[in-house]
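In what follows, a single structure is set out as structure tokens and then discussed.
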Amino acid sequence: MKRTLGLLLLVLLFGSMKNDNEQRASKERLGKKVVIGYVGGFRGLVNMDLISPEKLTHINYAFVDVQGNRAFLTNEKTDTVNFRKLLLLKKKNPALKILISIGGWAWSKNFSDAVLTDTSRAAFAASAVDIIRKYKLDGVDIDWEYPGRPGEVGNIYRPEDKRNFTLMFEAIRKDLDVLEKETAQKKLLTTAVGGFSDFLLHTEMDKAAKYLDYVNLMTYDYYSGKVAGHHTNLYASKLYPGANSADIAVQAYIDAGVPVSKLVMGLAFYGRNSKVESGTATGLGANYIKGEFGSGFTRIKDSLINNKGFVAYKDKDARASYLFNANTQTLITYDDEWSVTEKCNYVKEHQMAGVMFWEYASDPKEYLLNEVVKSFR
């Protein structure tokens, strides 16, 4: 009996050391910074041939829904195939971690109900961890948009979300700790959060951060009210008044008590288009008429920069790039290689955990991911 227990302890110890060594090796390749890519399984089957696992430390699989106060695989038929194929990517990068991301813009409606009581929180946490247990995944990412404030029209939110947001992570972490003991493998808990300071008014991020491995700042989709501005700028622009930037968000989260070593900078692998009124030479700072999601960066780089009536500009103060078509009064703001390099340098300078991006399919030629890898090396 003692010999059996001794062998079991050695196996567990070896497994733990092997996982730690793999993770260390992966981070060493990337300058000890995390590179977290969101991969969209909500569309159906993912083409894994387009993913380069050696360039990533983590993949967050988007999205798992919240239904009946439980984490729920709405597209189970394709999700399960995607999980199996994602795990095969570990053959190329054994240190790669695969997480499920629960929620997102379209599937955050029921979070508030799911975590409202001790009983519902326990059931929700168990359902989330059961998914990663069943499919041998590495962790849970929560993308609640948003606790305590409106997100998509029809979303449920209430003042109690502020405290329940923290208690949700406590409950999930508790179940993950159990799974860690079962598997002798580290299980991660992360969250994607609003890249704007108002998010902090409706959460207890200092308390929540104690349960989290990484806090992924969604430093994109910024709006400037009636004035057209950047959607993913690193700093404030001098060309228009604006309350949001990645730098402002990072400092706000640090001031709120989140360790900078857990903060992850968000990169936009897509552009946003704005229709603007005439009156400015480059569209930036013009009166805003309407907006929409734009193209992914691969198409922007290959087909739109200084092409089809679009002229490329750089806002050096904001460290942000943009296109303007004076004929159609269309402004496109986006991350490019230059702005991504600036953000990676910021991450290194401020000793942040690394970067994450939304999302992989937007830049299939990996122009921006390659820039991230080069910057962190």
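The values are calculated or read from the model by the stated rules, or taken from the named source; none is laboratory data. Predicted model only: the values in this text are computed from it and were never measured. We place every Cβ from the backbone using ideal geometry, glycine too, and count neighbours over all the protein chains shown.
Taking the listed residues A114, A122, the one that is touching a helix residue (DSSP H, G or I) at 6+ places or on another chain (Cβ under 7 Å) and surrounded by fewer than 20 Cβ atoms within 10 Å (Cβ to Cβ) is A122, with no other qualifying. Among the residues making up the stretch 25-61, those that are modelled with pLDDT under 55 and not aliphatic (A, V, I, L, M) are S26, K27.
Close contacts from the stretch 106-133, counting a first residue that is more than 21 Å from A184 (Cβ to Cβ) and touching a residue at least 24 places away in the same chain (Cβ under 8 Å) and a second that is of a type in the set (F, W, Y) and buried (at least 17 other Cβ atoms within 10 Å of the Cβ), with Cβ to Cβ under 7 Å and a gap of 6+ residues or different chains, come to W107/F63; S108/W144; F111/W144; S112/Y157; A114/F124; V115/F124. For Y157, the conditions (1) part of a loop (DSSP other than H, G, I, E, B); (2) in contact (Cβ under 8 Å) with a residue 60 or more places away in the chain; (3) buried (at least 18 other Cβ atoms within 10 Å of the Cβ); (4) within 22 Å of the chain's Cα centre (by Cα) are fulfilled apart from (2). When each of D302, D317 is tested for being on the phi < 0 side of the Ramachandran plot, of a type in the set (D, E) and in a loop (DSSP other than H, G, I, E, B), the lone residue that passes is D317. Scanning the stretch 349-369 for residues that are within 18 Å of the chain's Cα centre (by Cα) and in a helix (DSSP H, G or I), which turns out surrounded by the most Cβ atoms within 10 Å (Cβ to Cβ)? Filtering the stretch 349-369 for residues that are within 18 Å of the chain's Cα centre (by Cα) and in a helix (DSSP H, G or I), the one surrounded by the most Cβ atoms within 10 Å (Cβ to Cβ) comes out as L368. Exactly one residue out of D65, D118, D49 is acidic (D, E), out of contact with any strand residue (DSSP E or B) (no Cβ under 8 Å at 6 or more places or on another chain) and under 30 Å from R163 (Cα atoms), and it is D118.
Restricting the stretch 160-205 to residues that are of a type outside the set (G, A, S) and part of a loop (DSSP other than H, G, I, E, B), the residue that is farthest from N110 (Cα to Cα) is Q185. Which residues, taken from the stretch 210-254, are surrounded by fewer than 23 Cβ atoms within 10 Å (Cβ to Cβ), modelled with pLDDT of 95 or more, among the polar types (S, T, N, Q) and in a loop (DSSP other than H, G, I, E, B)? Result: S237, single match.
T280 meets the stated requirement of being modelled with pLDDT under 95 and hydroxyl-bearing (S, T, Y).
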